[in-house]
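Enquirer: I have a structure here, written as C-alpha cells, and I will follow up with some questions on it.
The values are calculated or read from the model by the stated rules, or taken from the named source; none is laboratory data. Note that the structure is predicted; figures quoted are calculated from it, not measured. Reconstructed Cβ throughout: ideal geometry from the backbone, glycine too, with neighbour counts over all protein chains shown. Please note that ligands, DNA and RNA were not included when accessible areas were found on the heavy atoms of the full protein model with its side chains. Shrake-Rupley method; radii C 1.70, N 1.55, O 1.52, S 1.80 Å.
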Amino acid sequence: QPTIIMLSVLLRQCRVPRSTPTSGRLLSTSASNILDEHLLHRSPVHTEFFQASLPHLKVPDLNASVEKYLNSQRPLLTDEQFSATTSICQEFLKQDGPELQRLLLDYDKSNSDGNYVSDFWFDMYLRDRRSLVLNHTPFLAFSAATEQPDPLDRLTNMVYSSARYQLTYANRVLKPEVYFLDPKLSEEKFYQRMKMLSRIPGHSRLAWAAAYLHKAFPLDMSQYPNLMASTRLPQTGRDSLRRYPDSRHIVLMRGGRFYSFDIIEPDGLSVVPASTIRARLSECLADSRPAAEFPVGVLTSADRDVWTKERQKLAHASKTNSASLEAIDSALFLVCLDESQQTSDSALCHTFLHSGDGANRWWDKSLCLMAILPVGEFAVSFEHSWGDGVAVSRYFNEVFNDSNRRPGLSSGQSESLAADPVSVRRLEFDLDDSLKASIATCREQLSARTADLDLDFWQFDGFGKSSAKRAGLSPDSVSQTAIQLAYYWLSGGATAPTYESCSTAAFQRGRTETIRSATSATKEFCRLAGGSEPAPTNQLLAALKAASDAHSTLTKDAAMGKGWDRHLFALRCMSERRAGGAVPRLFTDPAYRKINEIVLSTSTLSMPAVKIGGFAPVSPAGLGVGYAIEDSSMGCVATAYKSSGRSSAEFMRCYQRACLLLADVIGKALDAKK
C-alpha cells in the first residue's frame, strides 16, 4: 500500500498547520551522554521533522465518490435494487449532496490542524457504547526469538526495549516514519541530507517535498503520543483519551491482581537495569495468593455507560481505589501474564484476543503487552480509538528487533540481582457488595460472549507473494480473491459487503480508508472458479488478472484518500449537524445500510516480526479475517459468532480450497511461461 504515495499530486496538497511540534528539552552534554546509552537510536532529525509539511487530505470530488459507491454496490445488488439505488444517488447529487459538500469543504478549511474526517472518526470510536472487548481490541503475536529460551528473560527484554522506545520517542529522537521506495537510497545518506535541510529557515514547509525528491515518503505520526502513557476513560455518552507524559512505571496483571513498578529511572534519562526489571517481574510471579475472586478489570469489559457508573462507584468507595485507578491509567503500558498451557495456534489466538472471562485485562489501556510464560508466547493488543496499525507496527518492530539484537538482559544475568522489597507496589481495591455483584455480572456476560466466538487458523506453505508477483498479480489481491472465493462457496454463491483497511498515513492525521474488495471482477472470477466444473485455466487467469487490476486501482484510490467510504461518512456527519436538515435518502437507503453491515471484515499486516494476528467480526453475522501473504506462504485467522450460524472452521475449509485453486491456476500460468 505505501507504494501508492509517490503520486506527484501530493506536492500540491501541502498545508502547514497552525500548531507545530514543540521543541524537546535541552540537555547538558553529560545528561545527553547518559540518555544516548538508553536509546534505540538517535535520529539525525527530530521525530516530527516532516509532520508539518505532510500533504493535507483533501475532500474528494462528490461525483467521483458517488460513482465509486455505485461501483461497490453493483456486485451486491439485483438489477432492480441497483436501479433504485442509482436513482437515489442521482437525487442526492442534485439536491442534498452539493450543499453538504460545500459545508464539508468549509469545515475542512477551518480545520487546519487535521483533515475533513479525522475528528468525526475519533468521535465515532469514542461515542460507541459497546464493550471494547472483541469490538475494538485486535492483537498481534510476536514471532519466535532467535536466542532466548527462557520466557521470563524474553519478557524482560521486551519490557526493557519498550522503555528504550519510550525514551527515544519522548526525547524526539525516534527516526521519523518514512517509506523508502528507492532500494538504492542509503537511509544514512538520506538523513544526512535532511539534517542539512534542517539548517535552512522555513525547512518545515520544505521537508516533505525534499523527501519526495528522494523517493522517500514520510508518514503521519500524530497517533504516536497516545501509544504509551495514555488510556481511554469512560464517560457518559462519549469517552475521552488522557495522556500522562511524565509516566515512568508499568502495571502488571496476573490472576486479576495488579502490581506496579518503574522501568524508567527518576532522572527520566535512563532505563532501569534489565536485571532489576527481571527481579521485579519475578517478585510479581512469586505472589502466592490465589487469583482474585472479584477481578476489577472485568468491569472495563462492560457497556461503556455501565462502566462509567461502576468506575465512579469504584473511585468514590475509597482513596485506595482512587490511587489504584490513577496508577493503572497513568502507566506507560500494561503487562498481562496469562497461565494457559495450551499451545495450538487457535488457543493462543483466543487467549490473546479476549482472555476468556477477561479477568486478567484492563481493556481501556492504550497498549497491552501479553505473555503466556508457560508456553513462551507473546503478543500486544491495543485499544483502537486512539490509533491504527502504523504506530503499533512501528513499536512492534522496534521492540522485536531491539530485544533480539541488543537484549538488555544477556544469558547468565538472570539471577544477578534481587528486587528491592519496596520497588513493586501491589495495587489494591476495596469492594463493597454492590461492586462485587457488578463484577460477577460483567464476568458472566463476557464469558458468554467469548464462548460464542468461533476461531480457526490455517497456513498454506509453498505458495505466496513470490509466485503472485511473477505472474504479474498483486499479492494482496490474490489474498482477497481467495477470501471472496471462500465466501462464495460458504454461502452458496453469494457476494458479501467486504471491508479491507488501508492506511492514509501519507496525509496529516490520516487514519484509514476502506478498500471495497468485493468487486464485479471478483464476482466474475468466483462465478468461473466456484462451480462444480471450473472454467479453463486461461479463462480463470484472465479473470484473476482483471480482479487484481480492479483491486490495485481501489488500493491506490484508498491510499490517496480517494475512496468513497470516509467521504460519504463525513457527509452523513455533516447532514446530522446541519440545522433543521433531514437526513438525505441516500443514507436511509436499505442498500447503504446493507453495504455498511460488513460481513467480511479483513485486514493484513505482513511483517517478519508478526507470527499471527486477529480480531473479531465487526457485525454479529459477519466474519473477521486477519490474513498475511509472505514470499512462499499465505494464511489467515478467521473468527465468527456461533450464534449467527456461521462457522470459522467451515470458512477455513473453503479458504483452503480457494488457496489451492489459486496456487494451481497461477502455477500453470508460470509453467506456461517457461
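Enquirer: HN-Hα J couplings of region 463-474 from phi, Karplus 6.51/-1.76/1.60, θ = phi - 60°, integer Hz, Gly and Pro as x?
Expert: Running phi through 6.51 cos²θ - 1.76 cosθ + 1.60 with θ = phi - 60° gives 8, x, 4, 4, 5, 4, 5, 5, 8, x, 10, 6 Hz.
Enquirer: Let me ask something else. Starting from the amide H of R257, placed 1.01 Å from N in the peptide plane, find each other amide H under 5 Å away whose residue is 5 or more places distant or on another chain.
Expert: A292
Enquirer: Among the DSSP beta bridges whose two residues both lie in region 461-672, what percent are antiparallel, rounded to the nearest 5?
Expert: Roughly 60 percent of the beta bridges in region 461-672 run antiparallel, per DSSP.
Enquirer: Let me ask something else about it. Within 12 Å, Cβ to Cβ, of T351, how many net charges do the neighbouring residues add up to if Lys/Arg are +1 and Asp/Glu are -1?
Expert: -4
Enquirer: Using the beta-carbon distance between R425 and S520 and R0 = 51 Å, what value does 1/(1 + (r/R0)^6) give for FRET efficiency, to the nearest 0.05?
Expert: After rounding to 0.05, the efficiency reads 0.25.
Enquirer: For the pair D433 and Q656, how long in nm is the line joining their label points, each one 7 Å along Cα→Cβ?
Expert: It is 5.4 nm.
Enquirer: Students often get this wrong, so check it: of K469/K642; K594/K642; K611/K673; K313/K642; K68/K642, which have C-alpha atoms separated by over 27 Å?
Expert: K469/K642; K611/K673; K313/K642; K68/K642
Enquirer: Give the peptides 261-270, 158-167 in descending order of average Cβ contacts within 10 Å, highest first.
Expert: The packing order, highest mean first, is 158-167, 261-270.
Enquirer: Just to confirm a number: summing +1 for Lys and Arg and -1 for Asp and Glu over residues other than S619 whose beta-carbon lies under 13 angstrom from that of S619, what do you get?
Expert: +3
Enquirer: While we're on this one: Loop-only check: which GluC sites (Glu not before Pro) in region 66-137 are DSSP coil with at most 11 other Cβ within 10 angstrom?
Expert: Filter output for region 66-137: empty list.
Enquirer: Further question: Based on the Cβ-Cβ distance of S466 and Q192, what FRET efficiency does E = 1/(1 + (r/R0)^6) give at R0 = 22 Å, to the nearest 0.05?
Expert: Plugging the Cβ-Cβ distance into 1/(1 + (r/R0)^6) gives 0.05.
Enquirer: From the phi of every residue in region 510-520, what ³J(HN,Hα) in whole Hz does the Karplus formula 6.51 cos²θ - 1.76 cosθ + 1.60 yield, where θ is phi - 60° and glycine or proline is x?
Expert: Computed from phi, the couplings for region 510-520 are x, 10, 9, 10, 9, 9, 8, 6, 7, 10, 4 Hz.
Enquirer: Would you compute the Debye intensity of region 218-284 from its alpha-carbon atoms alone, equal scatterers and no solvent, and pass along log10 I(q)/I(0) at q = 0.18, 0.19 Å⁻¹ to two decimals?
Expert: -0.89, -0.94
Enquirer: Can I ask one more? Does region 461-672 come out rounded, prolate or oblate by the C-alpha gyration tensor, with a ≥ b ≥ c the root eigenvalues, rounded set by a/c under 1.5 and, if not, prolate when a/b is larger than b/c and oblate if not?
Expert: Judged from the Cα gyration tensor, region 461-672 comes out prolate (a/c at least 1.5, a/b above b/c).
Enquirer: Tell me whether the chain comes out rounded, prolate or oblate; compute the Cα gyration tensor, take square roots of the eigenvalues as a ≥ b ≥ c, and use a/c under 1.5 as the rounded threshold.
Expert: It comes out rounded by the Cα gyration axes.
Enquirer: Excluding R304 itself, calculate the net charge of residues whose Cβ lies under 13 Å from the Cβ of R304, where each Lys or Arg counts +1 and each Asp or Glu counts -1.
Expert: 0
Enquirer: Could you give the nm distance between label points at R289 and R127, where each point is 7 Å from its Cα heading toward the beta carbon?
Expert: So the label points at R289 and R127 sit 4.1 nm apart.
Enquirer: By DSSP, what percent of the beta bridges with both residues in the chain are antiparallel, rounded to the nearest 5?
Expert: 75 percent
Enquirer: Tell me, what is the per residue accessible area of region 461-672 in Å², probe radius 1.4 Å?
Expert: Heavy-atom SASA per residue in region 461-672 reads 36 Å².
Enquirer: So for each of 510-520, 326-336, 198-208 I average, over its residues, the number of other beta carbons within 10 Å; can you give me the resulting order with the highest mean first?
Expert: 510-520, 326-336, 198-208
Enquirer: Output the pairs from K184/K215; K94/K562; K523/K562; K189/K215 with a Cα-Cα distance over 18 Å in this structure; if there are none, say none.
Expert: Pairs exceeding 18 Å: K94/K562; K523/K562.
Enquirer: For a quick check: with amide H placed at 1.01 Å from N, whose amide H comes under 5 Å from F460's, ignoring anything fewer than 5 positions away on the same chain?
Expert: Residues meeting the amide H criterion: M634, G635.
Enquirer: So, with +1 on the Cβ of K and R and -1 on the Cβ of D and E, and no other charges, what is the size of the charge dipole of the chain about its Cα centre, to the nearest 20 debye?
Expert: Roughly 1760 debye, rounded to the nearest 20.
Enquirer: Another one. How do 403-409, 311-317, 429-435 rank on mean C-beta neighbours within 10 Å, highest first?
Expert: Going by the mean number of other Cβ atoms within 10 Å, highest first, we get 403-409, 311-317, 429-435.
Enquirer: For region 461-672, give the percent of accessible area contributed by carbon and sulfur heavy atoms, probe 1.4 Å, rounded to a whole number.
Expert: 52 percent
Enquirer: Suppose all protein chains stay in the model; what accessible area per residue would a 1.4 Å probe give for region 268-404, in Å²?
Expert: That works out to 28 Å² per residue.
Enquirer: Provide the per-residue ³J(HN,Hα) series for region 487-497, in order, calculated from phi with Karplus coefficients 6.51, -1.76, 1.60 and θ = phi - 60°, each as a whole number of Hz, with x at glycine and proline positions.
Expert: With coefficients 6.51, -1.76 and 1.60, one gets 5, 4, 5, 4, 9, x, x, 8, 10, 10, x Hz.
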